[in-house]
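Student: Supplied in structure tokens, the structure appears directly below.
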Amino acid sequence: MLIDFWLATGATDQLISLVRRRWPKTKILVMSGDDNPAIVGKVRACGAHGFISKKHPPSSFSDAVTALLKGDLWFDSEDAERTDLPSSRNVNVSISELGLTPRQGQILGMLLKALPNRRIADALSVSEHTVKEHVSAILSKLEVRNRIELIAKLRGVVLTDGS
């Protein structure tokens with residue numbers, strides 16, 4: 001069975017659990033276009049047999065399906081060992097996991113609320129130029145070109161301070 005991680009209802013974990021109970025021999029492969037490595041851990045914790053990114057080439061998809069049919073597991077990331085993830089649609093990710101500084105984390109939170117640079121600068125008592133520099137660094141570190149891509153990439157992510 002192939003399941004997209006971001007189901008409209010956000011009930012991926014419930015669907016995996018249901019399939020495992022009713023059809024225990026069914027192999028479950030979850031896929032997502034989301035780059036968030038914490039998703040892999042959540043998928044594994046839910047009981048899926050594998051995870052593959054939609055960004056991988058078709059040959060990887062074939063390899064994953066072949067591995068599952070042979071009884072093996074297939075997970076893209078070393079983060080698949082994480083089991084401390086929430087069971088809701090949201091995935092908690094710390095600012096440090098994103099490679100951001102605490103100040104960049106503050107600004108990212110405001111960007112995700114669609115605040116303009118001027119309001120962010122006023123709220124943090126810094127210059128608008130400083131905010132622009134931080135925004136550029138955030139976009140670069142998260143490998144996106146603009147705020148729209150940033151918001152799309154972080155859909156379903158709950159930022160934490162990592163403590």
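Student: I want the local charge near residue 131. Using Cβ-Cβ distances under 12 Å, sum +1 for each Lys or Arg and -1 for each Asp or Glu among the other residues.
Tutor: On the way: positive: 103, 118, 119, 132; negative: 122, 128, 133.
Summing Lys and Arg as +1 and Asp and Glu as -1 gives +1.
Student: If R₀ is 35 angstrom, what is the calculated FRET efficiency for the pair residue 130 and residue 155, using the beta carbon separation as r and rounding to 0.05?
Tutor: Working: r = 27 Å, r/R0 = 0.78.
My answer for the efficiency is 0.80.
Student: Let me ask something else. Taking the Cβ of residue 119 as the centre, find all other residues whose Cβ is under 11 Å away and add up their charges (Lys, Arg: +1; Asp, Glu: -1).
Tutor: 0
Student: How much length would be gained if the chain were fully extended between residue 70 and residue 21, taking 0.36 nm per residue of separation minus their Cα-Cα distance, in nm to one decimal? Intermediate values should be presented prior to the final figure.
Tutor: Working: separation 49, 0.36 × 49 = 17.64 nm, distance 2.05 nm.
Here the segment from residue 70 to residue 21 would lengthen by 15.6 nm.
Student: Calculate, for residue 145 and residue 1, the FRET efficiency according to 1/(1 + (r/R0)^6) with r their C-beta to C-beta distance and R0 45 Å; round to the nearest 0.05.
Tutor: Numbers: r = 35 Å, r/R0 = 0.77.
In this case the efficiency is close to 0.80.
Every number in this text was worked out from the coordinates using simple rules, so none of it is lab data. Because the structure is a prediction, the values reported are computed rather than measured. No Cβ is skipped: glycine too gets one built from the backbone with ideal geometry, and neighbour counts run over all protein chains shown.
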